[in-house]
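A.B. asks: Take this structure, written in structure tokens, and hold onto it; I'll ask about it next.
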Number of protein chains: 2
Amino acid sequence: MSSAPYTIGVDLGGTNLRVAAYSQPTGILEQIQLPTRLRDGRDAVVRDMCMAIEQLIRNRPQGGLVGIGVGSPGPIELPEGRLHHLPNLPGWDGFELRATIERMLEMSVIVENDANLAALAECRLGKGKSLGADSLCMLTLGTGVGNGIILNGNIWDGMNGMAGEAGHATIWPDGHVCGCGSHGCLEQYASATAVCRMAREAVVGGNAPGLAVLERQNGEFTSRQLAEAARAGDPDAREIFDLVGRSLGIGLAGLVNTLNLPLYVVGGGLAQAWDLFSAKMFAELKHRSYVYRFTDGEIDAFGHRSAKTYVEPAELGAESGILGACLLPITSERGVITEQAQTKP
Amino acid sequence: MSSAPYTIGVDLGGTNLRVAAYSQPTGILEQIQLPTRLRDGRDAVVRDMCMAIEQLIRNRPQGGLVGIGVGSPGPIELPEGRLHHLPNLPGWDGFELRATIERMLEMSVIVENDANLAALAECRLGKGKSLGADSLCMLTLGTGVGNGIILNGNIWDGMNGMAGEAGHATIWPDGHVCGCGSHGCLEQYASATAVCRMAREAVVGGNAPGLAVLERQNGEFTSRQLAEAARAGDPDAREIFDLVGRSLGIGLAGLVNTLNLPLYVVGGGLAQAWDLFSAKMFAELKHRSYVYRFTDGEIDAFGHRSAKTYVEPAELGAESGILGACLLPITSERGVITEQAQTKP
């Protein structure tokens, strides 16, 4: 029986586990969402994952499965799919994620860093598709700052899957200590976590009366509240988003100068504050990157239209991780399921 | 007549113009070196270049020429080969280098940034070959800090040839102004020029007696003299090389975190001071890059030998530019000479 080709994607998050069947051009055909049962241990989580995958396979005609992509928080060693020190998945250090899934499922899977998958989805289905760019660099501003790099349509994994950690590029050499052990990482100035920390620091400093009131009212800050305070004109909240913008601008300038890609995408929850940080971000980027200034898409003094570097907010939102996982088997050369494995169940 | 294949490479420098015929595995077959006649204008320089190329072609059997690679200081727009604001080639802004050569020569040529060509040579014939790495990132510490990135054996040009400008990554956001218009670029702390400037600053500051004596004796500093002073124990000279090392470490950490390549090579004249700056460089790199710390080639707690990130001095020296130009036609897809063009003279 000839059956329509589809892939399965898994988004393993610290809170939710999502598994989807996907085909082009339809998109997501069916999705299962479960809580990530971290308390029950890694094997329980992988068992939930495999049961959901098997259910999606049973629900479709036999023989159509092209491959299975699994996104996990990083750092993760590739192509082995071995986890390292994951802040959001405590106790998973050294876990052989790929091997464990494959043993349980009796099928091969491809494992990737979730920030890389978000970048892949944004390239193939989001801003990259909209602008016709097949290379991009994405920064995901969430709890941390994730990063993924797509070159000529494919994820750049580096030699062992650890490429795309520009969230840990040094922006302010003597800046705030980072969970990675360094100081002044981009993540310490441009994540939702960082925004809240900077607000607490401002309150402790005693010169941020509006933020002090906000903290008393709410107990603790959220980056969304702080963005609202900044929009309402609170000068200390505005200053925090100015620093987010400056830090992003310095980080992006390094990436633009190094990679010279057509597109840089900023996603994640904090990207909602684009209106608050983007002016400072672009000012800093222009100051710090002559490559950016040379690629403004304008006609130069010699009558030649230059290439254009786009820096844009992401298009896909929270779906990008699962979409990237679904796209992985049809873009990666790292493993397509064999007919034999596929028809096993 | 069947003839042995060869390429021609050109190294267009601010002082010297070198043109070589090259074949594998022999290497450079014949080389012509001329002064770069900048005072006589761009067309005179290109005419000298074309005459040297034609002479090398006449000296070999007809039909063997595979292609011609031309290295130029950057920034240079590719594949067009159009120059931008070159500090060492004043008056060449907007010059259509490739088109001018091709018109004069009536053959197609491939133009590249000289720092990218040095990286290509280092990858194919130098440290990359020695260590079996087909991807690397090279920093060339000379008058400025050049940078070239090789991914899977090929130059990463970016969208219009401006990739590999990590010499202008911000290291110290409020640091010294750079010729590129930014502040605190790597180039301002890790070039031969920067070392001499820092020595002058130390003398003006009044707290560097040894360097003040050196300046009085010699009129002006060279980075070689300063390295000798540091080796002889002058504390102010040592401090300068410490800052070179720290700045390189911060810059390399950003590159390692972003690219996760197996090899980073440090070349150029100032790399001779490796003994003076490398300890601080590695300390900073370890502090600022968990990707580097995770890729030390050691056996980890789970009995697995990790991939290794090498940071090494370059192997090839001043020959790397011309060798890279010679290699370009046999590694690039951007243009191999047609039989017709080739047999024209």
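The values are calculated or read from the model by the stated rules, or taken from the named source; none is laboratory data. All figures in this text were calculated on a predicted structure; none of them were measured in a lab. Glycine also receives a Cβ, built like all others from the backbone with ideal geometry; neighbour counts cover every protein chain displayed. The protein model used for the area step is the full one, side chains on, heavy atoms only, and it has no ligands, DNA or RNA in it. Shrake-Rupley method; radii C 1.70, N 1.55, O 1.52, S 1.80 Å.
A.B. asks: For the stretch A:39-97, what are the per-bin percents of Cα-Cα distances with bins 10 Å wide, up to the bin holding the maximum?
C.D. replies: 20, 44, 27, 9
A.B. asks: For A:Pro79, place a label point 7 Å from Cα along the Cα-to-Cβ direction in every copy; what are the distances to the other copies, in nm, shortest first?
C.D. replies: 3.0
A.B. asks: In the Gaussian network model of chain A, springs joining C-alpha atoms below 10 Å, which of A:Gly146, A:Gly233, A:Gly164 carries the largest mean-square fluctuation?
C.D. replies: A:Gly233
A.B. asks: Please list the non-local residues whose amide H lies under 5 Å from the amide H of B:Gly74, H modeled 1.01 Å from N, same-chain partners needing a gap of 5 or more.
C.D. replies: B:Asp114, B:Ala115
A.B. asks: Which one of A:Ile150, A:Ile28, A:Ile240 has the biggest mean-square fluctuation once chain A is modelled by GNM with Cα springs under 10 Å?
C.D. replies: Looking only at A:Ile150, A:Ile28, A:Ile240, the biggest GNM fluctuation is shown by A:Ile28.
A.B. asks: Still on this structure: Among residues other than A:Ala21 whose Cβ falls under 9 Å from its Cβ, what is the net charge (Lys/Arg +1, Asp/Glu -1)?
C.D. replies: Numbers: positive: A:Arg60; negative: A:Glu30.
In short, 0.
A.B. asks: Okay, moving on. If you take the Cα atoms of the stretch B:195-302, find Rg, then find the Kirkwood Rh from the mean of 1/r over all pairs, what is Rg/Rh?
C.D. replies: Working: Rg = 16.6 Å, Rh = 15.2 Å.
Rg/Rh for the stretch B:195-302 comes to 1.10.
A.B. asks: Kirkwood Rh and Cα-based Rg: tell me the resulting Rg over Rh for chain B, rounded to two decimals. List each step's numbers first, then the result.
C.D. replies: Numbers: Rg = 21.3 Å, Rh = 21.2 Å.
Rg/Rh: 1.01.
A.B. asks: Residue-wise, which Karplus ³J(HN,Hα) couplings in Hz belong to the stretch A:92-108, taking 6.51 cos²θ - 1.76 cosθ + 1.60, θ = phi - 60°, and x for glycine or proline?
C.D. replies: Taking θ as phi minus 60°, the curve returns 9, 3, x, 5, 8, 4, 5, 4, 5, 4, 5, 5, 6, 8, 6, 9, 7 Hz for the stretch A:92-108.
A.B. asks: What does the charge count around B:Arg200 come to, taking other residues whose C-beta lies under 12 Å from its C-beta (Lys +1, Arg +1, Asp -1, Glu -1)? Intermediate results must be reported in sequence, preceding the final value.
C.D. replies: On the way: positive: B:Arg197; negative: B:Glu201, B:Glu215, B:Glu220, B:Asp236.
Its environment carries a net charge of -3.
A.B. asks: Let me ask another. Amide H of A:Glu165 versus every other amide H placed in the peptide plane: which residues, excluding those fewer than 5 positions away on the same chain, fall under 5 Å?
C.D. replies: B:Thr258
A.B. asks: Order B:Val66, A:Val204 by their accessible area, 1.4 angstrom probe, all chains in place, largest first.
C.D. replies: A:Val204, B:Val66
A.B. asks: Can you list the HN-Hα couplings for the stretch A:247-262, worked out from phi with the Karplus curve (6.51, -1.76, 1.60; θ = phi - 60°), rounded to whole Hz and with x for Gly and Pro?
C.D. replies: 5, 4, x, 5, x, 5, 4, x, 5, 5, 5, 7, 9, 6, 8, x
A.B. asks: I need to check one value: relative contact order of the stretch B:111-248, counting alpha carbon pairs closer than 8 Å and at least 6 residues apart, in percent.
C.D. replies: Working: 214 pairs, mean separation 22.4, N = 138.
In percent, rounded to a whole number, it is 16.
A.B. asks: Take the alpha-carbon centre of the stretch A:174-252, take the same for the stretch B:265-320, and report the distance between them in whole Å.
C.D. replies: Each part's Cα centre sits 35 Å from the other's.
A.B. asks: Turning to a different aspect of this structure: Given N residues in the stretch A:170-230, what is its alpha carbon radius of gyration divided by 2.2 N^0.38 Å?
C.D. replies: Working: Rg = 12.4 Å, N = 61, 2.2 N^0.38 = 10.5 Å.
Here the Cα radius of gyration is 1.18 times the empirical estimate.
A.B. asks: Counting only DSSP beta bridges with both residues in the stretch B:1-137, tell me the antiparallel percent, nearest 5. Mind dumping the intermediate values first?
C.D. replies: Values: 17 of 27 bridges.
Once the DSSP bridges in the stretch B:1-137 are tallied, antiparallel ones form about 65 percent.
A.B. asks: Can you tell me, using C-alpha contacts under 8 Å and at least 6 residues apart, the relative contact order of the stretch B:266-337 as a whole percent? The partial results should precede the final answer.
C.D. replies: Numbers: 41 pairs, mean separation 22.0, N = 72.
Relative contact order for the stretch B:266-337 comes out at 31 percent.
A.B. asks: Using a Gaussian network model on chain A with a 10 Å cutoff between Cα atoms, which of A:Asn113, A:Asn257, A:Asn207 fluctuates the most?
C.D. replies: A:Asn207
A.B. asks: Now, a different point. Taking every DSSP beta bridge with both residues inside chain B, roughly what % is antiparallel (nearest 5)?
C.D. replies: Working: 29 of 47 bridges.
Given both bridge residues lie in chain B, the antiparallel proportion sits at roughly 60 percent.
A.B. asks: Could you give me the ³J(HN,Hα) list for the stretch B:158-166, computed from phi with Karplus coefficients 6.51, -1.76, 1.60 and θ = phi - 60°, whole Hz, x at Gly and Pro?
C.D. replies: x, 6, 9, x, 9, 5, x, 10, 5
A.B. asks: What is the ratio of the Cα radius of gyration of the stretch A:1-102 to 2.2 N^0.38 Å, where N is its residue count, to two decimals?
C.D. replies: Working: Rg = 14.2 Å, N = 102, 2.2 N^0.38 = 12.8 Å.
My calculation over the Cα atoms of the stretch A:1-102 gives 1.11.
A.B. asks: Same structure, new question: Find every distance from the label point of B:Ala283 to the corresponding label point in the other copies (7 Å from Cα along Cα→Cβ) and write them in nm, one decimal, shortest first.
C.D. replies: Here B:Ala283 shows inter-copy label distances of 3.7 nm.
A.B. asks: Related question: When the Cα centres of the stretch A:1-58 and the stretch B:93-170 are compared, how far apart do they sit, in Å?
C.D. replies: Centre-to-centre distance over Cα atoms comes out at 44 Å.
A.B. asks: At A:Arg39, with labels set 7 Å past Cα in the Cβ direction, how many nm apart are the copies from this one, shortest first?
C.D. replies: Listed shortest first, these distances are 8.4 nm.
A.B. asks: Give the relative contact order (percent, whole number) for chain B; include only Cα pairs under 8 Å separated by 6+ residues. Let's see the in-between values first.
C.D. replies: Working: 721 pairs, mean separation 68.8, N = 345.
Computed value for chain B: 20 percent relative contact order.
A.B. asks: Can you show me the helix-derived [θ] at 222 nm for chain A, built from DSSP H runs with n ≥ 4 at -39,500 (n - 2.57) apiece and divided by the number of residues, rounded to the nearest 500. Mind showing how you got there, number by number?
C.D. replies: Working: 13 runs with 141 residues, N = 345.
Taking each H run of at least 4 residues, the total per residue is -12500 deg cm²/dmol.
A.B. asks: Given that compact globular proteins tend to follow 2.2 N^0.38 Å, what is the ratio of the alpha-carbon Rg of the stretch B:94-211 to that value?
C.D. replies: On the way: Rg = 18.1 Å, N = 118, 2.2 N^0.38 = 13.5 Å.
Scaled against compact globular proteins, the figure is 1.34.
A.B. asks: Kindly provide log₁₀ I(q)/I(0) values, in the same order as q = 0.05, 0.06, 0.12 Å⁻¹, from the Debye equation applied to equal alpha-carbon scatterers of the protein assembly as shown.
C.D. replies: Relative scattering, expressed as log10 I(q)/I(0), comes to -0.26, -0.38, -1.32.
A.B. asks: Can you flag which of B:Lys129/B:Lys308; A:Lys286/A:Lys308; A:Lys127/A:Lys280; A:Lys280/A:Lys308 are past 18 Å Cα-Cα?
C.D. replies: Details: B:Lys129/B:Lys308 16 Å; A:Lys286/A:Lys308 13 Å; A:Lys127/A:Lys280 22 Å; A:Lys280/A:Lys308 20 Å.
In this structure, A:Lys127/A:Lys280; A:Lys280/A:Lys308 lie more than 18 Å apart at Cα.
A.B. asks: Would you please give the residues with an amide H less than 5 Å from that of B:Tyr6, counting only those at least 5 places away or on a separate chain, with H modeled from the backbone geometry?
C.D. replies: B:Leu65, B:Val66
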